[in-house]
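Undergrad: Have a look at the structure that comes next, please.
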Amino acid sequence: MAHQEIIFAGFGGQGILSMGKFLAYAGMDEELNVSWLPSYGPEMRGGTANCSVILTNENIGSPIVTDATAVVVMNRPSLDKFENVVIPNGLLIVDSDLVTRDVNRDDITVIRIPAQTIAEQLGSKKISNMILLGALIEKTNIVPMEALLKALKEHGKAQFYDLNKAALEKGAEVVR
């Protein structure tokens, strides 16, 4: 597995920090060096939130991601802020239901997923973040899906496990 630096970004309340946390737990279970750095505006719910996750076999010098191998954005302000942080040939995953403009770069892979729509079809808009996380896992192979599901089972709320699992699998299926 190569060194991966990922930014998840959107509004507070969308599960941005949770996406990063479950990925970080899965990385630890895979015996990778891991860093998880949350950041949110003073508004909390409705304000902007983002988190940086680094997964690597190497030592981590700083938890701050300035050159992201992948970015997942769940709103337009996040696309505006982080589009240029993706390294050339990097990956940008966009919730196309919430991001109203096109990506301006042609040197990166862009995956547009109508995560809100898919989440609603699965039964809850709250799991749109997990659809995007499933897509990221499938596209990057950063950790095995089994490791992510294990982290979800151990660190998530039990009553949401089945729904979250369905969302992760659906996100992976969308990019397959």
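Undergrad: Any idea how far the Cα center of the stretch 10-40 sits from the one of the stretch 113-176, in Å?
TA: Using only Cα atoms, the two centres lie 14 Å from each other.
Undergrad: Which of the residue pairs K126/K170; K21/K126; K139/K165; K81/K125; K125/K150; K139/K170 have a Cα-Cα distance greater than 21 Å in the structure shown?
TA: Details: K126/K170 14 Å; K21/K126 16 Å; K139/K165 17 Å; K81/K125 24 Å; K125/K150 23 Å; K139/K170 13 Å.
As for pairs spanning more than 21 Å Cα to Cα, those are K81/K125; K125/K150.
Undergrad: So, one more: Suppose a student asked you for the relative contact order of the chain, using Cα pairs under 8 Å spaced at least 6 residues apart; what percent would you report?
TA: Reported relative contact order: 22 percent.
Undergrad: Separate question: If you take every DSSP beta bridge whose two residues both sit in the stretch 1-119, what share of them, in percent to the nearest 5, is antiparallel?
TA: 50 percent
Undergrad: Based on Cβ point charges of +1 for Lys and Arg and -1 for Asp and Glu, what charge dipole magnitude is obtained for the chain about its Cα centre, in debye rounded to the nearest 20?
TA: Around 520 debye, computed over the chain.
Undergrad: Another one. Per residue of the chain, what 222 nm ellipticity follows from adding -39500 (n - 2.57) for every DSSP H run with n ≥ 4, rounded to the nearest 500?
TA: That comes out to -12000 deg cm²/dmol.
Undergrad: Follow-up question, since we're still on this one. Could you please report the charge total around L98, scoring K, R as +1 and D, E as -1 over all other residues with beta-carbon less than 12 angstrom from its beta-carbon?
TA: +2
Laboratory data are not the source of any read-out in this text; all were calculated from the coordinates shown. Because the structure is a prediction, the values reported are computed rather than measured. Backbone-built Cβ (ideal geometry, glycine too); neighbour counts: all protein chains shown.
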